[in-house]
Amino acid sequence: MAMDQVSHTRLAAAHWPAAPSPHSLDVTVGDALREAARRRPDRIALVDGTEDRETRRQWTYAELLDTSLRWARALRREFDPGDRVAVWATNCPEWILFQFGTALAGLTLVTVNPAYRSSELGFVLRQSRAQGILVQRELRGRDLPGVVHEIADQLPELRWVMPLDQWVAYVEEADPGDVETDLPPVRPEDPVQIQYTSGTTGFPKGAYLAHQGMALNARLYAEAIGASERDTWVNPLPLFHTAGCGLATLGILQTGGCHVLPQGFETDLMFDLIDTYKATVTLGVPTMFIRMLEKLPTGSMLLDSLRIVTTGGAPVPVELVRRLEKEFGVMVAIGFGQTESSPYITHTRPGQDLPHWAETVGRPLPRVEVKISRPDGSVADVDEGGEICTRGVCVMKGYFENPEATSQTIDQNGWLHTGDVGTMDSHGYVRVLGRFKDLIIRGGENIYPRDVEAALSEHPDVTDVAVVGLPDGEWGEIVGAFVQTSKPLTADGLQAFLRGKLASYKIPQVWRFPKEFP
(Lines give C-alpha, C1' and ligand atoms only; values in the text may rest on other atoms or scores of the structure.)
Protein backbone atom coordinates (compact mmCIF):
# COMPACT_ATOMS: atom_id res chain seq x y z
CA MET A 1 0.00 0.00 0.00
CA ALA A 2 1.81 3.16 -1.15
CA MET A 3 1.51 6.23 1.04
CA ASP A 4 -0.15 8.28 -1.73
CA GLN A 5 -2.97 5.75 -1.75
CA VAL A 6 -3.66 5.35 1.93
CA SER A 7 -5.66 8.55 2.46
CA HIS A 8 -8.49 6.94 0.47
CA THR A 9 -8.06 3.44 1.89
CA ARG A 10 -10.92 2.23 4.10
CA LEU A 11 -9.98 -0.62 6.38
CA ALA A 12 -12.43 -3.42 7.10
CA ALA A 13 -10.65 -4.36 10.35
CA ALA A 14 -8.06 -2.82 12.66
CA HIS A 15 -5.06 -4.16 10.74
CA TRP A 16 -2.57 -2.12 8.71
CA PRO A 17 -0.33 -4.15 6.35
CA ALA A 18 3.23 -2.90 6.11
CA ALA A 19 3.44 -0.27 3.35
CA PRO A 20 6.44 -0.48 1.01
CA SER A 21 9.46 1.79 1.22
CA PRO A 22 12.10 2.50 -1.46
CA HIS A 23 14.91 2.17 1.08
CA SER A 24 17.04 -0.96 1.30
CA LEU A 25 16.95 -3.02 4.45
CA ASP A 26 20.63 -3.81 3.95
CA VAL A 27 21.94 -0.82 5.89
CA THR A 28 24.08 -0.41 8.97
CA VAL A 29 24.72 2.71 11.05
CA GLY A 30 28.23 2.82 9.59
CA ASP A 31 26.84 2.61 6.04
CA ALA A 32 24.55 5.55 6.78
CA LEU A 33 27.45 7.63 8.10
CA ARG A 34 29.70 6.84 5.12
CA GLU A 35 26.91 7.66 2.66
CA ALA A 36 26.17 10.98 4.38
CA ALA A 37 29.85 11.96 4.20
CA ARG A 38 30.04 10.94 0.55
CA ARG A 39 26.98 12.97 -0.43
CA ARG A 40 27.56 16.09 1.69
CA PRO A 41 31.19 16.18 2.88
CA ASP A 42 31.24 19.93 3.58
CA ARG A 43 27.79 20.29 5.17
CA ILE A 44 27.89 21.09 8.89
CA ALA A 45 26.71 17.86 10.50
CA LEU A 46 27.01 18.40 14.25
CA VAL A 47 27.18 21.44 16.52
CA ASP A 48 28.05 21.33 20.21
CA GLY A 49 25.22 23.40 21.71
CA THR A 50 26.87 24.44 24.96
CA GLU A 51 25.66 27.47 26.89
CA ASP A 52 28.99 29.22 26.29
CA ARG A 53 28.90 30.38 22.68
CA GLU A 54 32.68 30.82 22.62
CA THR A 55 33.33 27.12 23.23
CA ARG A 56 30.88 25.70 20.70
CA ARG A 57 32.48 23.23 18.30
CA GLN A 58 31.23 21.83 15.02
CA TRP A 59 31.97 19.02 12.57
CA THR A 60 31.26 18.65 8.86
CA TYR A 61 30.01 15.29 7.63
CA ALA A 62 33.49 14.48 6.33
CA GLU A 63 35.02 15.37 9.70
CA LEU A 64 32.36 13.41 11.56
CA LEU A 65 33.15 10.28 9.54
CA ASP A 66 36.91 10.73 9.85
CA THR A 67 36.76 11.21 13.62
CA SER A 68 34.32 8.33 14.09
CA LEU A 69 36.63 6.04 12.12
CA ARG A 70 39.53 7.01 14.37
CA TRP A 71 37.43 6.22 17.42
CA ALA A 72 36.39 2.88 15.88
CA ARG A 73 39.99 1.88 15.18
CA ALA A 74 41.02 2.80 18.72
CA LEU A 75 38.15 0.71 20.07
CA ARG A 76 39.26 -2.26 17.96
CA ARG A 77 42.56 -2.21 19.86
CA GLU A 78 40.57 -2.85 23.04
CA PHE A 79 37.61 -4.99 21.99
CA ASP A 80 36.53 -7.76 19.62
CA PRO A 81 33.48 -7.60 17.34
CA GLY A 82 30.34 -8.42 19.29
CA ASP A 83 31.68 -7.14 22.61
CA ARG A 84 29.37 -4.93 24.63
CA VAL A 85 30.61 -1.52 25.69
CA ALA A 86 28.59 0.92 27.81
CA VAL A 87 28.48 4.71 27.82
CA TRP A 88 27.54 6.62 30.98
CA ALA A 89 27.43 10.32 30.15
CA THR A 90 25.15 13.26 29.52
CA ASN A 91 24.57 14.70 26.04
CA CYS A 92 27.75 15.79 24.29
CA PRO A 93 29.25 15.35 20.80
CA GLU A 94 31.60 12.70 22.18
CA TRP A 95 28.59 10.54 23.04
CA ILE A 96 27.65 10.55 19.34
CA LEU A 97 31.25 9.89 18.26
CA PHE A 98 31.29 6.90 20.59
CA GLN A 99 27.95 5.73 19.16
CA PHE A 100 29.34 5.84 15.63
CA GLY A 101 32.70 4.43 16.70
CA THR A 102 31.19 1.36 18.34
CA ALA A 103 28.88 0.80 15.36
CA LEU A 104 31.79 0.95 12.89
CA ALA A 105 33.87 -1.38 15.09
CA GLY A 106 31.12 -4.01 15.24
CA LEU A 107 30.52 -3.50 18.96
CA THR A 108 27.21 -3.32 20.79
CA LEU A 109 26.63 -0.05 22.65
CA VAL A 110 24.94 -0.32 26.05
CA THR A 111 23.34 3.01 26.94
CA VAL A 112 23.15 4.02 30.60
CA ASN A 113 20.97 6.72 32.14
CA PRO A 114 23.23 9.36 33.76
CA ALA A 115 20.77 9.61 36.67
CA TYR A 116 21.32 5.97 37.68
CA ARG A 117 22.62 5.27 41.16
CA SER A 118 25.23 2.58 41.79
CA SER A 119 22.74 -0.29 42.23
CA GLU A 120 20.97 0.55 38.94
CA LEU A 121 24.28 0.92 37.12
CA GLY A 122 25.45 -2.39 38.51
CA PHE A 123 22.30 -4.16 37.32
CA VAL A 124 22.68 -2.85 33.75
CA LEU A 125 26.40 -3.62 33.48
CA ARG A 126 25.99 -7.05 35.02
CA GLN A 127 22.94 -8.12 33.01
CA SER A 128 24.40 -6.84 29.72
CA ARG A 129 27.75 -8.51 30.54
CA ALA A 130 29.46 -5.32 29.45
CA GLN A 131 33.21 -5.65 28.96
CA GLY A 132 33.87 -1.91 29.03
CA ILE A 133 32.39 1.46 29.93
CA LEU A 134 33.16 4.99 28.81
CA VAL A 135 32.22 7.29 31.67
CA GLN A 136 31.84 11.01 32.18
CA ARG A 137 34.35 12.32 34.73
CA GLU A 138 31.88 14.23 36.93
CA LEU A 139 28.16 14.93 37.08
CA ARG A 140 26.56 17.25 39.65
CA GLY A 141 29.37 16.62 42.10
CA ARG A 142 29.39 12.85 41.59
CA ASP A 143 32.64 11.11 40.72
CA LEU A 144 31.23 8.72 38.10
CA PRO A 145 34.42 6.69 37.49
CA GLY A 146 34.63 6.32 41.28
CA VAL A 147 31.09 4.90 41.34
CA VAL A 148 32.05 2.31 38.73
CA HIS A 149 35.16 1.28 40.66
CA GLU A 150 33.11 0.92 43.87
CA ILE A 151 31.01 -1.83 42.27
CA ALA A 152 33.73 -3.35 40.09
CA ASP A 153 33.95 -6.48 42.25
CA GLN A 154 30.32 -7.23 41.31
CA LEU A 155 31.17 -7.07 37.58
CA PRO A 156 33.53 -9.93 36.68
CA GLU A 157 33.33 -9.28 32.92
CA LEU A 158 34.06 -5.53 33.11
CA ARG A 159 37.72 -5.03 32.23
CA TRP A 160 37.86 -1.48 30.76
CA VAL A 161 36.77 1.66 32.63
CA MET A 162 37.70 4.80 30.73
CA PRO A 163 36.99 8.42 31.74
CA LEU A 164 35.66 10.33 28.76
CA ASP A 165 38.26 13.11 28.78
CA GLN A 166 41.10 10.58 29.03
CA TRP A 167 39.71 8.64 26.06
CA VAL A 168 39.42 11.77 23.91
CA ALA A 169 43.06 12.62 24.63
CA TYR A 170 44.18 9.07 23.87
CA VAL A 171 42.42 8.96 20.49
CA GLU A 172 43.75 12.39 19.50
CA GLU A 173 47.34 11.37 20.31
CA ALA A 174 47.18 7.91 18.74
CA ASP A 175 48.54 7.31 15.25
CA PRO A 176 45.40 7.08 13.06
CA GLY A 177 47.12 5.01 10.39
CA ASP A 178 44.65 3.74 7.84
CA VAL A 179 41.45 4.37 9.74
CA GLU A 180 39.53 1.71 7.81
CA THR A 181 42.13 -0.95 8.63
CA ASP A 182 41.09 -3.65 11.09
CA LEU A 183 37.44 -2.67 11.03
CA PRO A 184 35.34 -5.83 10.76
CA PRO A 185 32.45 -6.44 8.38
CA VAL A 186 29.17 -5.46 10.02
CA ARG A 187 25.86 -6.92 8.87
CA PRO A 188 22.52 -5.07 8.91
CA GLU A 189 21.01 -7.70 11.21
CA ASP A 190 23.86 -7.43 13.75
CA PRO A 191 23.08 -5.88 17.14
CA VAL A 192 24.00 -2.20 17.48
CA GLN A 193 22.63 -1.27 20.91
CA ILE A 194 21.15 -2.61 24.12
CA GLN A 195 18.75 -0.13 25.69
CA TYR A 196 17.19 -0.85 29.07
CA THR A 197 13.47 -0.47 29.44
CA SER A 198 10.78 -1.67 31.79
CA GLY A 199 9.10 -3.15 28.72
CA THR A 200 5.52 -4.19 29.37
CA THR A 201 6.10 -5.66 32.85
CA GLY A 202 8.62 -6.15 35.62
CA PHE A 203 12.28 -5.26 36.04
CA PRO A 204 14.33 -3.41 33.39
CA LYS A 205 15.13 -5.54 30.37
CA GLY A 206 17.73 -4.92 27.68
CA ALA A 207 16.12 -4.39 24.28
CA TYR A 208 18.57 -5.86 21.77
CA LEU A 209 18.35 -3.58 18.72
CA ALA A 210 19.76 -4.23 15.24
CA HIS A 211 21.54 -1.82 12.87
CA GLN A 212 18.88 -2.06 10.17
CA GLY A 213 15.99 -1.51 12.59
CA MET A 214 17.40 1.63 14.19
CA ALA A 215 18.74 3.12 10.95
CA LEU A 216 15.58 2.46 8.93
CA ASN A 217 13.22 3.60 11.68
CA ALA A 218 15.02 6.92 12.03
CA ARG A 219 15.01 7.54 8.30
CA LEU A 220 11.31 6.75 7.97
CA TYR A 221 10.51 9.11 10.85
CA ALA A 222 12.56 11.96 9.39
CA GLU A 223 11.01 11.52 5.97
CA ALA A 224 7.52 11.35 7.49
CA ILE A 225 7.96 14.90 8.78
CA GLY A 226 9.42 16.11 5.48
CA ALA A 227 13.01 16.54 6.71
CA SER A 228 15.75 17.38 4.20
CA GLU A 229 19.31 18.67 3.93
CA ARG A 230 17.92 22.20 4.28
CA ASP A 231 16.88 21.54 7.88
CA THR A 232 18.71 22.45 11.06
CA TRP A 233 17.53 20.52 14.11
CA VAL A 234 17.85 21.29 17.82
CA ASN A 235 17.72 17.99 19.69
CA PRO A 236 17.38 18.24 23.50
CA LEU A 237 16.37 14.59 23.99
CA PRO A 238 18.71 12.42 26.09
CA LEU A 239 21.01 10.36 23.90
CA PHE A 240 20.67 7.27 26.11
CA HIS A 241 17.11 6.88 24.74
CA THR A 242 16.24 5.64 21.26
CA ALA A 243 14.58 8.97 20.44
CA GLY A 244 17.76 10.96 21.08
CA CYS A 245 20.43 8.70 19.56
CA GLY A 246 18.10 6.97 17.10
CA LEU A 247 15.25 9.04 15.72
CA ALA A 248 17.07 12.37 15.94
CA THR A 249 20.74 11.47 15.43
CA LEU A 250 20.23 8.87 12.71
CA GLY A 251 17.25 10.68 11.14
CA ILE A 252 19.23 13.89 10.72
CA LEU A 253 22.21 11.91 9.43
CA GLN A 254 20.24 10.18 6.68
CA THR A 255 18.37 13.29 5.49
CA GLY A 256 21.46 15.49 5.49
CA GLY A 257 20.48 18.06 8.09
CA CYS A 258 22.50 19.85 10.74
CA HIS A 259 22.31 18.45 14.29
CA VAL A 260 22.55 21.05 17.08
CA LEU A 261 22.97 19.19 20.37
CA PRO A 262 22.34 20.96 23.68
CA GLN A 263 23.76 19.34 26.81
CA GLY A 264 20.21 18.94 28.07
CA PHE A 265 16.84 20.62 28.05
CA GLU A 266 16.77 24.18 29.39
CA THR A 267 14.29 26.69 28.00
CA ASP A 268 16.61 29.70 27.63
CA LEU A 269 19.25 27.56 25.94
CA MET A 270 16.65 26.12 23.58
CA PHE A 271 15.50 29.61 22.60
CA ASP A 272 19.11 30.70 22.07
CA LEU A 273 20.07 27.71 19.92
CA ILE A 274 16.94 27.88 17.78
CA ASP A 275 17.46 31.61 17.21
CA THR A 276 21.25 31.48 16.69
CA TYR A 277 21.23 28.59 14.21
CA LYS A 278 17.85 29.43 12.66
CA ALA A 279 16.64 25.94 13.44
CA THR A 280 13.73 24.60 11.43
CA VAL A 281 13.00 21.41 13.41
CA THR A 282 12.95 20.53 17.07
CA LEU A 283 11.57 17.57 18.95
CA GLY A 284 10.77 16.72 22.54
CA VAL A 285 8.33 15.23 24.99
CA PRO A 286 5.18 17.24 25.76
CA THR A 287 6.50 18.55 29.08
CA MET A 288 9.40 20.25 27.28
CA PHE A 289 7.06 22.18 25.02
CA ILE A 290 4.79 23.09 27.93
CA ARG A 291 7.82 24.65 29.66
CA MET A 292 8.81 26.52 26.50
CA LEU A 293 5.27 27.89 26.09
CA GLU A 294 5.37 29.10 29.70
CA LYS A 295 8.68 30.94 29.20
CA LEU A 296 8.36 32.29 25.66
CA PRO A 297 8.09 36.10 25.85
CA THR A 298 4.94 37.58 24.31
CA GLY A 299 5.58 38.70 20.74
CA SER A 300 8.97 36.97 20.67
CA MET A 301 10.70 36.38 17.32
CA LEU A 302 13.04 33.73 18.78
CA LEU A 303 11.23 30.81 17.14
CA ASP A 304 10.39 32.37 13.78
CA SER A 305 12.68 29.99 11.88
CA LEU A 306 10.93 26.84 13.14
CA ARG A 307 9.00 24.87 10.55
CA ILE A 308 7.85 21.89 12.57
CA VAL A 309 8.00 20.40 16.05
CA THR A 310 7.52 16.71 16.68
CA THR A 311 6.52 15.21 19.98
CA GLY A 312 5.69 11.91 21.62
CA GLY A 313 6.98 9.69 24.39
CA ALA A 314 3.94 10.58 26.52
CA PRO A 315 0.30 11.46 25.85
CA VAL A 316 0.04 14.63 23.76
CA PRO A 317 -2.99 16.76 24.74
CA VAL A 318 -4.91 18.23 21.80
CA GLU A 319 -4.79 21.61 23.54
CA LEU A 320 -0.99 21.49 23.51
CA VAL A 321 -1.01 20.92 19.74
CA ARG A 322 -3.31 23.90 19.27
CA ARG A 323 -1.12 26.14 21.43
CA LEU A 324 2.05 25.12 19.61
CA GLU A 325 0.47 25.80 16.24
CA LYS A 326 -0.78 29.20 17.40
CA GLU A 327 1.99 30.48 19.68
CA PHE A 328 5.01 28.90 17.96
CA GLY A 329 3.52 29.30 14.49
CA VAL A 330 4.61 25.81 13.46
CA MET A 331 3.31 22.52 12.16
CA VAL A 332 3.08 19.78 14.78
CA ALA A 333 3.55 16.04 14.30
CA ILE A 334 3.00 13.28 16.85
CA GLY A 335 4.69 9.90 17.10
CA PHE A 336 4.08 6.72 19.07
CA GLY A 337 6.33 3.80 19.79
CA GLN A 338 8.55 2.12 22.33
CA THR A 339 12.19 1.15 22.70
CA GLU A 340 11.43 -2.42 21.60
CA SER A 341 10.35 -1.15 18.16
CA SER A 342 13.44 1.02 17.49
CA PRO A 343 11.28 3.06 18.55
CA TYR A 344 8.52 4.57 16.38
CA ILE A 345 5.52 2.59 15.19
CA THR A 346 3.18 5.33 13.96
CA HIS A 347 3.46 9.02 13.14
CA THR A 348 1.27 11.84 11.95
CA ARG A 349 2.37 13.71 8.83
CA PRO A 350 2.33 17.43 8.06
CA GLY A 351 -0.77 18.45 6.12
CA GLN A 352 -3.07 15.84 7.62
CA ASP A 353 -6.17 14.81 5.69
CA LEU A 354 -8.10 13.75 8.79
CA PRO A 355 -9.85 16.59 10.68
CA HIS A 356 -9.22 15.09 14.11
CA TRP A 357 -5.63 13.96 13.47
CA ALA A 358 -4.36 15.67 16.66
CA GLU A 359 -6.40 13.18 18.71
CA THR A 360 -4.37 10.36 17.14
CA VAL A 361 -0.77 9.24 16.80
CA GLY A 362 -1.08 8.90 13.04
CA ARG A 363 -0.68 5.93 10.73
CA PRO A 364 2.01 3.26 10.82
CA LEU A 365 5.34 4.11 9.24
CA PRO A 366 6.30 2.28 6.03
CA ARG A 367 7.64 -1.25 6.58
CA VAL A 368 5.72 -1.34 9.88
CA GLU A 369 2.71 -3.64 10.28
CA VAL A 370 0.19 -2.84 13.02
CA LYS A 371 -2.94 -4.47 14.36
CA ILE A 372 -5.27 -3.92 17.29
CA SER A 373 -5.55 -7.28 19.02
CA ARG A 374 -8.30 -8.73 21.14
CA PRO A 375 -7.34 -10.81 24.20
CA ASP A 376 -7.80 -14.01 22.16
CA GLY A 377 -5.37 -12.76 19.50
CA SER A 378 -7.96 -12.01 16.84
CA VAL A 379 -7.95 -8.68 15.02
CA ALA A 380 -10.31 -6.10 16.50
CA ASP A 381 -12.91 -4.30 14.48
CA VAL A 382 -12.32 -0.74 13.31
CA ASP A 383 -12.64 1.63 16.31
CA GLU A 384 -12.71 -1.29 18.77
CA GLY A 385 -10.29 -1.08 21.68
CA GLY A 386 -7.53 -3.64 22.10
CA GLU A 387 -3.78 -4.05 22.44
CA ILE A 388 -1.58 -2.28 19.89
CA CYS A 389 0.73 -4.86 18.28
CA THR A 390 3.41 -4.41 15.63
CA ARG A 391 5.85 -6.50 13.63
CA GLY A 392 8.53 -5.96 11.02
CA VAL A 393 12.21 -5.20 10.66
CA CYS A 394 12.12 -2.46 13.31
CA VAL A 395 11.14 -4.86 16.11
CA MET A 396 14.00 -5.73 18.46
CA LYS A 397 15.91 -8.99 18.23
CA GLY A 398 14.63 -9.76 21.72
CA TYR A 399 15.56 -8.94 25.30
CA PHE A 400 19.25 -9.61 25.84
CA GLU A 401 19.74 -13.07 27.38
CA ASN A 402 16.15 -13.11 28.63
CA PRO A 403 14.22 -15.58 26.46
CA GLU A 404 11.32 -15.83 28.91
CA ALA A 405 10.63 -12.09 28.80
CA THR A 406 11.11 -12.10 25.03
CA SER A 407 8.51 -14.84 24.54
CA GLN A 408 6.07 -12.92 26.75
CA THR A 409 6.46 -9.80 24.58
CA ILE A 410 6.96 -11.16 21.04
CA ASP A 411 4.59 -13.97 20.12
CA GLN A 412 5.32 -16.95 17.86
CA ASN A 413 4.04 -15.02 14.82
CA GLY A 414 6.49 -12.18 15.37
CA TRP A 415 4.02 -9.67 16.83
CA LEU A 416 5.44 -7.31 19.45
CA HIS A 417 2.79 -6.75 22.13
CA THR A 418 3.23 -3.15 23.26
CA GLY A 419 1.08 -3.28 26.39
CA ASP A 420 -0.75 -0.17 25.15
CA VAL A 421 -4.50 -0.05 24.61
CA GLY A 422 -5.69 1.69 21.47
CA THR A 423 -7.99 1.78 18.49
CA MET A 424 -7.51 2.05 14.72
CA ASP A 425 -10.06 3.84 12.55
CA SER A 426 -11.02 2.97 8.99
CA HIS A 427 -8.28 5.29 7.64
CA GLY A 428 -5.55 3.57 9.64
CA TYR A 429 -5.14 6.31 12.25
CA VAL A 430 -4.28 4.93 15.67
CA ARG A 431 -5.50 6.37 18.96
CA VAL A 432 -3.75 5.45 22.21
CA LEU A 433 -6.08 5.04 25.19
CA GLY A 434 -3.45 4.19 27.78
CA ARG A 435 -1.38 1.37 29.25
CA PHE A 436 -3.09 -1.82 30.35
CA LYS A 437 -1.45 -1.47 33.74
CA ASP A 438 -2.63 2.17 34.06
CA LEU A 439 -6.28 1.32 33.55
CA ILE A 440 -8.41 2.52 36.49
CA ILE A 441 -11.36 0.28 37.31
CA ARG A 442 -13.84 2.17 39.48
CA GLY A 443 -16.84 0.11 40.53
CA GLY A 444 -16.56 -1.98 37.38
CA GLU A 445 -16.20 1.04 35.07
CA ASN A 446 -13.01 1.27 33.00
CA ILE A 447 -11.33 4.68 33.05
CA TYR A 448 -8.29 5.57 30.97
CA PRO A 449 -6.14 8.26 32.64
CA ARG A 450 -5.39 9.82 29.27
CA ASP A 451 -9.05 10.76 28.74
CA VAL A 452 -9.13 12.65 32.03
CA GLU A 453 -5.73 14.24 31.45
CA ALA A 454 -6.80 15.46 28.00
CA ALA A 455 -9.95 17.06 29.40
CA LEU A 456 -8.04 18.80 32.20
CA SER A 457 -5.42 20.05 29.73
CA GLU A 458 -8.11 22.10 28.02
CA HIS A 459 -8.25 24.40 31.07
CA PRO A 460 -6.21 27.53 30.19
CA ASP A 461 -4.49 27.62 33.59
CA VAL A 462 -3.49 23.94 33.74
CA THR A 463 0.12 23.48 32.61
CA ASP A 464 0.61 19.76 33.31
CA VAL A 465 -1.39 16.90 34.77
CA ALA A 466 -1.02 13.26 35.75
CA VAL A 467 -4.05 11.10 36.60
CA VAL A 468 -3.70 7.89 38.62
CA GLY A 469 -5.83 5.24 40.25
CA LEU A 470 -5.94 5.17 44.05
CA PRO A 471 -7.11 2.21 46.17
CA ASP A 472 -10.54 2.56 47.72
CA GLY A 473 -12.44 0.18 49.98
CA GLU A 474 -15.84 0.87 48.41
CA TRP A 475 -15.08 1.37 44.72
CA GLY A 476 -11.91 -0.69 44.37
CA GLU A 477 -10.20 2.32 42.82
CA ILE A 478 -10.96 6.02 42.58
CA VAL A 479 -9.47 8.68 40.33
CA GLY A 480 -6.78 11.03 41.61
CA ALA A 481 -5.31 14.01 39.77
CA PHE A 482 -1.95 15.71 40.26
CA VAL A 483 -2.19 19.12 38.60
CA GLN A 484 0.32 21.90 37.97
CA THR A 485 -1.17 25.32 37.28
CA SER A 486 -0.10 28.78 36.17
CA LYS A 487 -2.68 30.38 38.50
CA PRO A 488 -4.23 29.19 41.79
CA LEU A 489 -7.03 26.69 41.13
CA THR A 490 -9.27 24.66 43.42
CA ALA A 491 -10.56 21.11 43.31
CA ASP A 492 -14.14 22.37 43.24
CA GLY A 493 -13.38 24.66 40.32
CA LEU A 494 -11.73 21.91 38.30
CA GLN A 495 -14.51 19.45 39.03
CA ALA A 496 -17.01 22.02 37.78
CA PHE A 497 -14.85 22.53 34.68
CA LEU A 498 -14.97 18.79 33.89
CA ARG A 499 -18.74 18.44 34.24
CA GLY A 500 -20.17 18.17 30.78
CA LYS A 501 -16.79 17.05 29.41
CA LEU A 502 -16.57 13.71 31.21
CA ALA A 503 -18.94 11.17 32.68
CA SER A 504 -19.30 11.76 36.39
CA TYR A 505 -17.51 8.55 37.35
CA LYS A 506 -14.37 9.75 35.51
CA ILE A 507 -14.08 13.04 37.40
CA PRO A 508 -11.26 12.88 39.98
CA GLN A 509 -12.22 12.69 43.63
CA VAL A 510 -8.72 13.31 45.00
CA TRP A 511 -6.75 16.41 43.96
CA ARG A 512 -3.16 17.44 44.59
CA PHE A 513 -1.36 20.54 43.31
CA PRO A 514 2.43 19.85 43.38
CA LYS A 515 4.89 22.57 42.44
CA GLU A 516 6.82 20.16 40.23
CA PHE A 517 6.70 16.61 38.95
CA PRO A 518 9.57 14.13 39.42
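The values are calculated or read from the model by the stated rules, or taken from the named source; none is laboratory data. Because the structure is predicted, anything quoted here is derived from the model rather than measured. Note: ideal-geometry Cβ built from the backbone for every residue, glycine included; neighbour counts use all protein chains shown. SASA here: full protein model, heavy atoms, side chains in, ligands and nucleic acids out. Shrake-Rupley method; radii C 1.70, N 1.55, O 1.52, S 1.80 Å.
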* Does the stretch 50-60 include one or more residues that are touching a residue at least 40 places away in the same chain (Cβ under 8 Å) and open to solvent by 60 Å² or more (accessible area, probe 1.4 Å)? -> yes
* **In the stretch 423-453, the residues that are modelled with pLDDT under 95, part of a strand (DSSP E or B) and under 16 Å from Val361 (Cα atoms)** => Val432, Leu433, Gly434, Arg435
* Asked: Going through the stretch 354-395 one residue at a time, which ones are touching a Cys at 6+ places or on another chain (Cβ under 8 Å) and assigned to a strand (DSSP E or B)?
  -> Val370, Lys371, Ile372, Ser373
* To do: Report whether or not Gln136 is touching a Ser or Thr at 6+ places or on another chain (Cβ under 8 Å) and surrounded by fewer than 22 Cβ atoms within 10 Å (Cβ to Cβ).
  => yes
* Could you check Lys295 against (1) closer than 17 Å to Leu433 by Cα; (2) in contact with a helix residue (DSSP H, G or I) (Cβ under 9 Å, 6 or more places away or on another chain) and say which number it fails? => (1)
* Name the one entry in Leu261, Leu237 that is within 14 Å of the chain's Cα centre (by Cα), of a type outside the set (Phe, Trp, Tyr) and not in a helix (DSSP H, G or I). => Leu237
* Residue identified as of a type in the set (Gly, Ala, Ser) and under 22 Å from Gly257 (Cα atoms) among Ala103, Ala89 -> Ala103
* Asked: Across the stretch 172-222, which residue is most open to solvent (accessible area, probe 1.4 Å) among those that are modelled with pLDDT under 95 and assigned to a helix (DSSP H, G or I)?
  -> Glu173
* Count - residues of the stretch 483-494 that are open to solvent by 80 Å² or more (accessible area, probe 1.4 Å), within 27 Å of Gly443 (Cβ to Cβ) and either of a type in the set (S, T, N, Q) or not in a helix (DSSP H, G or I) (or both) -> 1
* Asked: Would you say Ala481 is modelled with pLDDT under 95 and of a type outside the set (S, T, N, Q)?
  -> no
* **Among the residues listed as Thr242, Thr232, the single one being closer than 24 Å to Arg56 by Cα and among the polar types (S, T, N, Q)** => Thr232
* To do: Answer yes or no as to whether Gly443 is closer than 21 Å to Ala14 by Cα, out of contact with any Cys (no Cβ under 6 Å at 6 or more places or on another chain) and touching a residue at least 40 places away in the same chain (Cβ under 8 Å).
  => no
* Search result, residues across the stretch 107-161 that are small (Gly, Ala, Ser) and in contact with a Lys or Arg (Cβ under 8 Å, 6 or more places away or on another chain) -> Ser128, Ala130, Gly132
* Structure fact -> Leu456 vs (1) surrounded by fewer than 19 Cβ atoms within 10 Å (Cβ to Cβ); (2) out of contact with any helix residue (DSSP H, G or I) (no Cβ under 6 Å at 6 or more places or on another chain): all pass except (1)
* Asked: Between residues in the stretch 272-284 that are farther than 12 Å from Cys258 by Cβ and residues that are open to solvent by 30 Å² or more (accessible area, probe 1.4 Å), which pairs lie under 6 Å by C-beta distance while being six or more apart or on different chains?
  -> Asp275/Leu302
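Please go through the stretch 303-314 and give me each residue that is at pLDDT 90 or above, in a loop (DSSP other than H, G, I, E, B) and crowded, with 17+ Cβ neighbours inside 10 Å, ordered by number.
Answer for the stretch 303-314, where residues must be at pLDDT 90 or above, in a loop (DSSP other than H, G, I, E, B) and crowded, with 17+ Cβ neighbours inside 10 Å: Leu303, Leu306, Arg307, Gly312.
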* Structure fact -> Within the stretch 495-509, residues in a strand (DSSP E or B) and open to solvent by 40 Å² or more (accessible area, probe 1.4 Å) come out as Arg499
